[in-house]
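For reference, the structure discussed in these notes is given below.
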Amino acid sequence: MLKKILLGRREYKVVAGIGLLSMTREIAEAGVNELIECGEVKPKDAKGIVDSLVQRSEEQKQAIRDMARNEIEQALHNSNFATKEDLETLSKKIDALVKQSMKG
């Protein structure tokens, strides 16, 4: 599995993709251990490779969360739904009108 993600004999590249998004430390360690057994990775490099894969996975997950959040915010903005701030402003105006009407 990680053989496809790690390219080259001494250098490696992380391929950003769906598989990387579900990368857990355990999966990365298992894959790197397979590469060690095949002689494609030196044991001394294993921790760095695993750490890099896990970090890249977390970065990709955060990037997708941010993108989703931005898309949702844009969709809500474009749909003209009342926001929490809009409702708070209206509530304050109603309170002010109620107080004003009670005075006069």
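Remarks
- Neighbours by Cβ (under 9 Å, 6+ apart or cross-chain): first from segment 74-86, free of Cβ contacts under 8 Å to residues at least 40 places away in the same chain; second assigned to a helix (DSSP H, G or I) and of a type outside the set (A, V, I, L, M, F, W, C): T83/H77
- You will find that of K61, K92, the residue that is in a helix (DSSP H, G or I) and over 30 Å from R25 (Cβ atoms) is K92 and no other.
- Applying the condition of being part of a helix (DSSP H, G or I) and β-branched (V, I, T) to segment 64-89 and asking which residue is farthest from the chain's Cα centre (by Cα) yields T89.
- Among residues of segment 42-101, those that are of a type in the set (V, I, T) and over 26 Å from V32 (Cβ atoms), counted: 5
- Looking at segment 1-55, the helices (runs of 4 or more DSSP H) lying wholly inside it that each contain 3 or more residues that are modelled with pLDDT of 70 or more sit at 25-37.
- Hey, T89 surrounded by 10 or more Cβ atoms within 10 Å (Cβ to Cβ), at pLDDT 90 or above and of a type in the set (V, I, T) or not: yes
- Scanning segment 46-81 for residues that are surrounded by fewer than 10 Cβ atoms within 10 Å (Cβ to Cβ) and of a type in the set (G, A, S) turns up just one, S79.
The values are calculated or read from the model by the stated rules, or taken from the named source; none is laboratory data. All of these numbers come straight from a predicted model, not from anything done at the bench. Virtual Cβ from ideal backbone geometry, glycine too; neighbours counted across all protein chains shown.
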